[in-house]
Amino acid sequence: MDIDRPTDLDAALAALAGSPDATLLAGGTDLMVEINFGHRRPEHIIALRRVEELKELNGTIGSGVSWARLERGPHRGLAQAARTVGSPQIRAAGTIGGNLATASPAGDGLPFLAAVDASVELRSATGSRRLRWDEFLTGPKQNALTQGELIHSIVLPDEMPTRQEFGKVGVRNAMVISAVMACVVRFEDGRTRVAVGSAGPTTLRMRSAEDLISDEANPSETALSEFQRLVSEEVRPITDHRSTEAYRRHAAGVVARRLLERCLV
Ligand SMILES: Cc1cc2nc3c(=O)[nH]c(=O)nc-3n(C[C@H](O)[C@H](O)[C@H](O)COP(=O)(O)OP(=O)(O)OC[C@H]3O[C@@H](n4cnc5c(N)ncnc54)[C@H](O)[C@@H]3O)c2cc1C
């Protein structure tokens, strides 16, 4: 196996241009599991860990920013999500870019990105392009990356919601892949956005529930119940080894309502 260890972005992009089939390695917490189980046998790896430009966390979030850094980062909803990922060791190694590229419906970073309408900046040796989160995530474990491209960073909108809450339901409180998770955000003027994960082929926005509750300055008990019902109706879960379709539907509504109530305090 060949391994490239570029130390800057230009070198990483040049290595990728020279070997467009190469496999990118960030923290390795998804990729090494795949390799250890024999699901992937990469012949050429480009390790991104030494590329400092991918670790920037200013206005944008570099793809190489670890969960450990995001836990202490400026975005409450993402910090809350980061705290639920794996163990301290996984959070020290794993990155938001790896989470995005894996594009699992259970990726804990994805509901925040969906709720705030983030974009994904892709780079190659020949240029760059920016895709909205829902253009990038094309299906379960599928994304819009093409050969020779890497995820450079996540771009957040200028106007960010002042209230952000993330919550996750699983079979235990820590070290767990979610049965359902959600991120609810609310702007000062009441606009509310809700994104749910592990309850559809990819992260989903709950548009009907958002429309209903964004019109409510002080949602009544009736409005909150209707919000919960709409979320349970809008999700598209399946039954698998982690949970049932019925439980996920129920839990999505309950979690989204609890997160909304926290946003309203
Ligand atoms: C024990 C354990 C617990 C876990 N718990 C959770 C959890 O609670 N929640 C959760 O969401 N995930 C969890 N995960 C999964 C994993 O930790 C995360 O998805 C993590 O964010 C992956 O990031 P990484 O940097 O390790 O990616 P890697 O494993 O390095 O890469 C993952 C994929 O992304 C590609 N890639 C990496 N960087 C880039 C880039 N810049 N551009 C393009 N492609 C790229 C790689 O080629 C690979 O296909 C867990 C994993 C383990 C082993």
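Here are a few things to note about the model shown:
- Cα centroid of region 73-103 to Cα centroid of region 149-220, whole Å: 15 Å
- Stretchable slack from ASN58 to ARG191, in nm (0.36 nm times residue separation minus alpha-carbon distance): 45.4 nm
- Here region 89-105 is scanned for amide nitrogen atoms under 20 Å from the site 7 Å beyond the Cα of ALA174 along Cα-to-Cβ, giving 89-95.
- Length-normalised contact order of region 124-265 in % [C-alpha pairs under 8 Å, at least 6 apart]: 21 percent
- Local electrostatic count at SER19 - Lys and Arg +1, Asp and Glu -1, tallied over other residues with Cβ under 11 Å: -4
- Calculated diffusion of region 163-264, Stokes-Einstein form, Kirkwood radius summed over Cα pairs, 20 °C and 1.002 mPa s, µm²/s: 160 µm²/s
- Placed amide H near ALA106: partners under 5 Å, 5+ positions off or other chain: SER198
- Pairwise FRET efficiency - GLN142 versus GLU245, Cβ, R0 = 25 Å, nearest 0.05: 0.70
- Full extension of the chain segment joining ARG41 with ASP8 gains 9.3 nm, where the gain is 0.36 nm per residue of separation less the Cα-Cα distance.
- Radius 14 Å from Cβ of THR7, net charge of other residues (Lys, Arg +1; Asp, Glu -1): -1
- Rg/Rh for the chain (Cα atoms only, Rh after Kirkwood) is 0.99.
- Length-normalised contact order for the chain - Cα pairs under 8 Å, 6+ apart - percent: 16 percent
- Angstrom value of the Kirkwood radius, inverse mean 1/r, which spans all Cα pairs in region 72-145: 13.1 Å
- Counting Lys and Arg as +1 and Asp and Glu as -1 over every other residue whose Cβ lies under 9 Å from the Cβ of GLY190, the net charge comes to -2.
Values quoted throughout were computed directly from the atomic coordinates according to the rules given, and no laboratory measurement underlies them. All values derive from a computational prediction rather than experimental measurement. Cβ coordinates were reconstructed from backbone atoms using ideal geometry, including for glycine residues, and neighbour counts include every protein chain displayed.
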